[in-house]
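One structure below.
The values are calculated or read from the model by the stated rules, or taken from the named source; none is laboratory data. These numbers were taken from a predicted model, which means no experiment stands behind them. Note that each Cβ is placed from the backbone with ideal geometry, even for glycine, and that neighbours are counted across all protein chains shown. With ligands, DNA and RNA removed, areas are computed over all heavy atoms of the protein, side chains included. Shrake-Rupley method; radii C 1.70, N 1.55, O 1.52, S 1.80 Å.
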Amino acid sequence: MTENRLIEDNDQGQAVRPPAVATPWQQAQATETVSSPAFTPTLPPLDLDGLGKDFIDPADIEWKRVSPKYLKVRMISRAIWSLIMIALACLPLLFTEVLGWWNMPLWLSVSLAAVMVVWQIWLTIIVRRQVRALGYSERAEHLLTRKGIMFRQVRAVPYGRIQFIDMSSGPIENMVGLSHLDIKTAGGASTVLPGLDRAEAQRLREILTDLSETKMVGL
Amino acid sequence: MSASKRENTAHSDEPLDREQEQTLTWRRAHPLSPLVRSWLIIVAFLFGIVRPAVEDFFRGDDPLTFQDLATVRPPESGMLAWLHLFGSFWLPVAAVLVFLLLLVPFFLTWFFYRFAVDTSNVYVKSGMLFKTERKARLDRVQSIDVSRPLVARILGLAELKFDVADGAGSALQVQYLSYREARRLRDELLVQVRDLKSGSKPSAAGSQLEPGHPDSAPGAQAGEHHLRQRLAQHVTENFRGVRGEGEQQIVHVPVGRLLGSMFLSLGVIIIMLMVVTMGGLMVWADVSMGALFASNMAVFAGLVSALWKRLNTGWNFRLVTSPDGLKTRFGLTDTVTKTLPEGRIQSVKVTQPLLWRLTGWYKVSVALAGQGEGENTAFAGELLPVGTRADLLRILPLVVLDETRGGASAEQLHAGLDAKGSGHGFTAAQLTARSRIDWFAISRNAFSLTPALLLVRGGMTTKRLSITPHSKIQQLELKQGPVGKRFGYADLTVTAAGAMVSSSELSLVDAETARALLVRQAQLGVHANQVLAAPGVYSQTEQRTALD
């Protein structure tokens, strides 16, 4: 059962297996494996955690948050995009009022630009919330990721199904020394872990690669 | 051992080791293969140049030449004088030269295209300027298909396709070999693949077939030297079906039923109604015929070509069992044989569109790993394009684990096909969530967990049942939007490999159940493998996964 432990790193970047941290998820798994070596004819009923219906995070998960520097990255790219979008939305105003090429009513072109400005301000406001909502957690057999506040998403990727991992960083990320990981399985969209410090990204990549090799399951 | 790093995936484009390369015996493809690729040019040549020339010859006319040009204006340059000298002889020669020049790249491609096979890999080397060397590990090969496009068939050639299990899903191909050679090589390699895979899992049943078992296809030994024989064989394959050794037919889809199923789809009926309305308008309202037809021609042509394509590909669809796994065989002009080793099936989906309820028809499709995006993907994942309930009940036991092995019972499958609400192991969405949102689909949306399988039922108009083994699940995703938060539900998406039926979405389960299901499903996905690894517990199950 030693394989089922939470994995952390040491200095060599090698996967080591620290003593168990008993979270309910791991306990449930351990007892099930021990008590039922073969398929039981029926599965036990689902263990409802009784915590209500207005969230989706599995209980008792401590999420690791992304680097605070990632907020800066997101803000800069948001600013660039906002400027582009607002400039585009101002084009009708420019064409009708200044250049006189188009014949659009004034209220329409003005409100188009105004709506875009409000929308971009809103997007800029929620960036902080969005970044705070990002998280990941290395479980015994899975990598869990979460994101979103209004549209939430929790994803579980079994280590043994990881096909490959790409580590990359864009120009803005490079400036503040961050990277992101792209984790791909044989099915579905790839899982992106953004805003990792380079060292942390490297550590994660090493460990995930090791784990995916030792736990690899053929298709 | 694994495909977890990009460099380690089953395909690699890196250069091969020199020493390794020397031990291989490289072989060229069949010398006729450039003709298969250049057939379009050849046909264009024959029609454009040769036919008028021959016709002119028989009519006694002079072919249109530069001679006229030359007589009108006296030759000034050496070139035109040259032309004048040769007269009508010039043009055909030039045409033939240009034609041969056009063919040169195809022959060069063939010349630089080599392949080799050793005990554990298949290698393909190609390219003159941009050399590529690809290799596929045989123990990663999911299936080997012999495919025969029409032109290749006429020339007596076939193509070998290797489907390899990596996420990218591109396949390695050997183009082209003689049909007999292709079949022999495939049978040989399949045995090798089986040996390699059973070698890595000593507990598995292993292969009972001795290496190089004799080619079993009728007609393959009787050399196919004559076009007539080949055509006869084509007809035999299409209308009577080839049986290999140990093959047993499970279902056959009559052409009439395929046609019927095509016309019983909602889209087709709407377009037919449109056409009828058009006709009506023409007769009674006296609308200009030409304008009407012109405006709708594109739609009409699209419809006809789509229908033809499906009919052509699905012609005489057969599903057979064989020692190598399930095989499907289909196609009118191109007969395709697909082998589906059982471990390669990732997920099974049964659907029944609304209008098929009138006739009681179902469709069964499977998701496959490493399915290349070839031209023949239309029926690639279909086990049954259209079939009766009896056909369905014959097929499902072949691909779905039964109750004794942790799978689904017959009642459960029936409930998955027909029933609504909870019961028979299915858990439907809670009433609170159901009463307000999507109340059309909600009473059928349900899931059921067995020790080995996840069954998801859904769809009010098009009934769906998808069956995914826990061990094949690649990732799990739970989502909740603002509306879901308001009404307390969440969506769980389960993804398996393969493009055809990739994810079964458990929409509108209440959030608490969805959360518990995510945890349970995550446990089962890993747990199931641990159980399968324990020797002697479920030998039957192990056999099923021996080809993993």
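A few notes on this one:
- Among the listed pairs B:Lys309/B:Lys349; B:Lys197/B:Lys472; A:Lys64/B:Lys472; B:Lys125/B:Lys338, those beyond 30 Å (Cα-Cα): none
- Protein accessible surface hidden between B and A, which excludes ligands and nucleic acids, total in Å², probe 1.4 Å: 5100 Å²
- Residues in the range A:154-186 that a label on A:Ser77 would reach, taking backbone N under 16 Å of a point 7 Å out along Cα→Cβ: A:166-183
- Interface residues, the range A:47-83 - accessible area loss of 50 Å² or more versus chain alone, probe 1.4 Å: A:Leu48, A:Lys53, A:Ile56
- Extension gain, B:Leu46 to B:Phe107, is 20.1 nm, computed as 0.36 nm per intervening residue step minus the present C-alpha separation.
- If the segment from A:Ser190 to A:Lys69 were pulled out straight at 0.36 nm per residue, it would be longer than the present Cα-Cα gap by 41.2 nm.
- Residues losing 40 Å² or more accessible surface upon assembly, the range A:170-219, compared with the chain by itself, 1.4 Å: A:Ala186, A:Gly187, A:Glu213, A:Met216, A:Leu219
- Dividing the alpha-carbon radius of gyration of the range A:69-131 by the rule-of-thumb value 2.2 N^0.38 Å gives 1.36.
- Percentage relative contact order, the range A:134-219, counting C-alpha pairs under 8 Å, at least six apart: 25 percent
- Accessible carbon and sulfur surface of the range A:83-219 relative to its total accessible area, %, 1.4 Å: 67 percent
- For B:Leu384, residues with placed amide H under 5 Å, excluding near neighbours: B:Val364
- Rounded FRET efficiency, nearest 0.05, which uses the C-beta distance separating B:Leu32 from B:Glu188 and R0 of 30 Å: 0.85
- Placing R0 at 56 angstrom, the Cβ-Cβ distance between B:Thr351 and B:Val93 gives a FRET efficiency of 0.40 after rounding to 0.05.
- Threshold 40 Å², the range B:459-488 residues less accessible with all protein chains present than alone (1.4 Å probe): B:Gln474, B:Gln475, B:Leu476, B:Glu477, B:Leu478, B:Gln480, B:Pro482, B:Lys485
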